[in-house]
Amino acid sequence: MGTLTSLGEDLFVVDGPTVRDLGIPFDTRMSIARLGDGAIWISSPVATSYAVLAAITALGPVRYLVSPTPRHYWRLARWHTLFPRAELWSSPITPVTLKDGDLPLTGLLGDPLPEAWTPDLEHVVLGDALLRESVFYHAPSRTLLVEDVIQVHELLPGHPVSNAVFRLSGLMAPDGGVSRDIRLTFFDRRAAREAVRKILDWPFRTVVLAHGPIVTRQAKAFVARAFDWLL
């Protein structure tokens with residue numbers, strides 16, 4: 001399991017264990033922001049060590065646990081047990097939301113966000129009825145936070161089926177991109193293009209992927225290339 005790594009002003013990441021979705025292995029990563037009021041905001045929390053958990057709680061009180069994509073909803077449950085007073089926020093529940101039972105959500109992303117999150121965080125919702133993912137921009141560190149919609153996967157020795165899936169989906173390193181199945185969920189292409197253009201208007205210099213590397217060079221060109229099929 002990873003350590004707590006700073007990416008700039010009040011933004012941190014932790015790499016988690018490999019998990020399987022439909023039998024395919026995926027690397028995991030969570031993002032942690034310390035907001036202006038000192039509260040801790042955690043996106044797509046992952047399993048981690050007690051040492052890392054202690055380091056996170058030392059940053060401030062954990063008040064927000066967030067699942068910006070339907071496939072990460074299940075991750076909130078264990079962290080809700082750890083931090084029962086934290087607010088739970090999720091992307092809209094869809095047929096592809098990965099969950100086992102319901103959680104006491106405070107709100108859905110796309111509703112008005114808590115004032116405490118601004119001006120540190122902005123978000124854009126990408127997708128339609130099946131996959132509605134919130135892409136967040138962390139202004140103090142000028143970082144874009146992306147969960148499932150863009151992925152980059154390295155070749156996995158001994159996993160020919162997984163490698164074939166990633167290759168056919170257009171997710172193989174070094175470029176990766178938006179998988180072909182996710183592209184099919186973008187029914188309203190005009191709205192999707194407007195959302196992507198808003199994302200590209202943000203002055204980000206770094207991109208944190210939940211499934212892939214942290215992009216620190218030519219970050220905006222990386223995102224534009226991932227959506228060239230749409231733009």
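The values are calculated or read from the model by the stated rules, or taken from the named source; none is laboratory data. All figures in this text were calculated on a predicted structure; none of them were measured in a lab. Note: ideal-geometry Cβ built from the backbone for every residue, glycine included; neighbour counts use all protein chains shown.
Structure above, values below:
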read-out: Any hit, region 214-221, residues being of a type in the set (A, V, I, L, M, F, W, C), part of a helix (DSSP H, G or I) and in contact with a strand residue (DSSP E or B) (Cβ under 7 Å, 6 or more places away or on another chain); value: yes
read-out: Odd one out for L76 among (1) modelled with pLDDT under 95; (2) assigned to a helix (DSSP H, G or I); (3) among the hydrophobic types (A, V, I, L, M, F, W, C); value: (1)
read-out: Conditions (1) part of a helix (DSSP H, G or I); (2) in contact (Cβ under 8 Å) with a residue 60 or more places away in the chain; (3) over 23 Å from T97 (Cβ atoms): number failed by F204; value: (1)
read-out: Lone unmet requirement of (1) closer than 22 Å to I150 by Cα; (2) out of contact with any Lys or Arg (no Cβ under 8 Å at 6 or more places or on another chain); (3) at pLDDT 95 or above; (4) of a type in the set (D, E) for D15; value: (2)
read-out: Total residues in region 201-223, condition exposed (fewer than 15 other Cβ atoms within 10 Å of the Cβ) and either within 17 Å of the chain's Cα centre (by Cα) or on the phi < 0 side of the Ramachandran plot (or both); value: 5
read-out: Residue check, G110 surrounded by fewer than 22 Cβ atoms within 10 Å (Cβ to Cβ) and on the phi > 0 side of the Ramachandran plot; value: yes
read-out: Filter pass, I24 being in contact with a Leu (Cβ under 9 Å, 6 or more places away or on another chain) and either surrounded by fewer than 19 Cβ atoms within 10 Å (Cβ to Cβ) or of a type outside the set (F, W, Y) (or both); value: no
read-out: Criterion: outside any helix (DSSP H, G or I), among the hydroxyl-bearing types (S, T, Y) and surrounded by fewer than 22 Cβ atoms within 10 Å (Cβ to Cβ) - qualifying residue of T94, T81; value: T94
read-out: Options S134, S141, S179; residue that is modelled with pLDDT of 95 or more and within 19 Å of V96 (Cβ to Cβ); value: S134
read-out: Residue tally, condition part of a loop (DSSP other than H, G, I, E, B) and either out of contact with any Leu (no Cβ under 9 Å at 6 or more places or on another chain) or within 21 Å of R71 (Cα to Cα) (or both), over region 131-142; value: 2
read-out: Whichever residue in region 106-130 is closer than 28 Å to R183 by Cβ and in a loop (DSSP other than H, G, I, E, B) and, among such residues, is modelled with the lowest pLDDT; value: A129
read-out: Residues that are among the hydroxyl-bearing types (S, T, Y) and closer than 24 Å to A139 by Cα, drawn from region 12-44; value: T28, S31, S43, S44
read-out: Number of positions in region 32-62 that are touching a helix residue (DSSP H, G or I) at 6+ places or on another chain (Cβ under 8 Å) and part of a strand (DSSP E or B); value: 6
read-out: Filter result for V196 (assigned to a loop (DSSP other than H, G, I, E, B), surrounded by 20 or more Cβ atoms within 10 Å (Cβ to Cβ) and under 19 Å from the mean Cα position of the chain (by Cα)); value: no
read-out: Qualifying position, being within 16 Å of the chain's Cα centre (by Cα) and among the β-branched types (V, I, T), among V19, V52, V62; value: V19
